[in-house]
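What follows is a short report on a single structure.
Each value in this text was obtained by applying a stated rule to the coordinates, not by laboratory testing. Worth saying up front: this structure is predicted, and the values here are computed from it rather than measured. Cβ coordinates were reconstructed from backbone atoms using ideal geometry, including for glycine residues, and neighbour counts include every protein chain displayed.
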Amino acid sequence: MQNDSIKTYRAALYARISREDGDKTVSDSIVNQLDLIKEYIKSNPEIEPVSERADDGYSGVMFDRPGLNAMLDDVKSGRINCIVVKDLSRFGRNYIEVGRYIRTLFPLFGVRFIAINDGYDSANDKNYADNYIIPFKNIINDAYCADISKKVRSQLEVKRKKGDYIGALVPFGYLKSPENKNKLIVDEAAAEVVKDIFKWKTAGMSQQSIAEKLNAVGVLSPLEYKKSIGLGCSSAFKINPKAKWSAVSVKRILCDEVYTGALIQGKTTTPNYKIKKKFLKEKSDWARVENAHEAIIVRQEFELVEDLLGRDSYKTEIYPFSGMLFCPKCGQNLIRKVSTVDGVKYINHACLKKYENDKRDGCSGIRIKENALLNSVTAAIKNQINTVLDTDEVSQFVGKISKKENGMKKLQKQIGMRKSEREKLINRKLRLYEDYSDGDITRNEYEIFRQNYDLQIDESDIAFKNLQKELDKFSEKENQGSLNFTEVLLNYENLNKISRELIVKLIGKIIVFGGGRIEIIFRCGDEYTRVL
C-alpha cells in the first residue's frame, strides 16, 4: 500500500445489524454505527465519504447481502478505494470470508479497510501485531455466531418436543391462542370448511371438484381468509383478483395431519449455521406430539382420506369404484373402460397388464361388468348391515343426531357472511368516490378500483345465490328431522344404489377373479365381529 500523506481516499461507510445473532442493542443500530463512523472521518481529513451502505436484518455469516454487494460493486468500478466499519463483526462473522477480503481481495483492488473499535487500519503498515490479532478476532466473531446458532436450535428443539407450535403462520382452521402464542386453537369458521373438504373427499369428489365447489359458493381461500381476519397484508384497494381455491390447496389440507390434533415439526434442517439450504430429515427424527391441540378431523377419517388419496390422487373424475378394484395375479388396479355398441353403453373393469413371453396373455381374463359389480357389492353390503341390525347390542348405540339443524345453521352462517361482505364492498365503493372528489386518487385509479369492486360484488351475489340453492336442497333432503343410528342403517338396508362414500367407508378393497367372481374385504370386519 502506498503511503502518501496527501492521498485522498474515497470511502464507503458500511453498517450491518442482524435479527438472529443478538445485534439488537441501541449502540449497534444502523444509525448509531454510521454516526460513529462519521465522527471518525472528521478527524481523518484524507478520507472523503462517498456512499453509505447498510444491511438491516442480515446475518454476518452470509456474504450475499444487498448493501455489501452494492459496496463491492463500487470497489470493482473504482468508485471507492476505502471501507470504514464500526468493527470487524459489522463487516462479517465468517472468519474465513472476512480474512479473504482483508488479506487478499481488498489489497488486490487497492482498498484501504478500517475497523474503528478494533483499532485496525490496513494503511498502517507499522502495526505488525494486526497480522496476528485480526485473525483471532475474526475467529471469535465466528464462534459467537456458532454459539448463538446452537442455543437457538436447542431452544427450538425443546419447544417442539413439548408440543409448542413455533411456526410463523398457522394452518388454515386454527389460530394462535391469545394467552399462549405457541398453542393452536380451533378457528370455528375455517374449521367448518376443513370438515366439508374431508366430507366431500370421502363422498367421492376429486380435489379439483372440491376447489370448484368452494369457489362457486364464495368460500374464501386460506390466503384471502387470513387477510380478511387481519393475519395478512391487505389493502382497501385491490387491483389483482382474489386468490382462489385450487386442487393443490385442497390436497394440502387433506394431507395435513395437524387436523387430527398431532403436531409434527422439525421436518427440515440445515447442516450448520453457515449453510441456509434446507434438507429433509429422516421421518424418525421429526418432532411428533399427539393431542397437542384440539382435533378438527378424527383420526379414522383422516386415515381413510389418506388411503383414498393414494388410490385416486391423479384422477380428475372419480367413479364409485375408483382405486377399489384389484387384480389377484399382479395386484394392480383394474381399469374402467367404456364402450358403445349399437348406441348402448357398456362399462367394464379389467386388468390390462401383459407379460413378455407369457403364453397366458397376462391378466386378460380378469374383468367384470360394472352392473354385475354393483349388484354383487350392494348385496354384500346389505348382508353385512342386516347382520348388524339383527343384534340386540346395536340398540345401545342409538343416539339422536340433528343433521338438518346443524347443516342449516352452517349454511345460514355462510349466507350471513356473504351478506356482510357485500355490504362492506358497497360501503368501500361509496367511499371511493369521496376519495376521488377529495383528490386522494386520480380518475384512472378511481375507474380501476370501481371496476374491481363491481366485480367482487358480482362474485358475492353469485356465491349468495349458490348458497341459497344449497340451503333449499338441504332442506328438502333433510325434512325427515332427526334420525337415530338404527334408522340410518335401515335406510342403508333398503338402498337400491350404493354411493362412493358408503363404498370407501365400508370396503377396503375388492379383488376381482376370472369369470366375474369377486372377494370383498371390509374395513369394519373386526368391528362387526366385536358387535356380534
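Observations on the structure shown:
- Tyr174 long-range amide H proximity, modeled H, under 5 Å: Asp187
- Subtracting the Cα-Cα distance of Thr340 and Lys162 from their residue separation scaled by 0.36 nm leaves 58.0 nm.
- 25 Å Cα-Cα threshold exceeded, pairs from Lys227/Lys424; Lys195/Lys278; Lys183/Lys267: Lys195/Lys278
- Over the stretch 278-353, the pair-distance histogram of Cα-Cα distances with 10 Å bins from zero comes to 13, 28, 26, 20, 9, 4, 0 percent, rounded to whole numbers.
- Panel note: the C-alpha atoms of the stretch 27-67, placed on their principal axes, show extents of 33, 21, 14 Å (largest first).
- At R0 = 56 Å, FRET efficiency that the Cβ-Cβ distance of Asp454 and Asn386 yields, to 0.05: 0.45
- Amide H to amide H distances under 5 Å link Phe522 with Gly508, where only residues 5 or more positions off or on other chains count and H is placed in the peptide plane.
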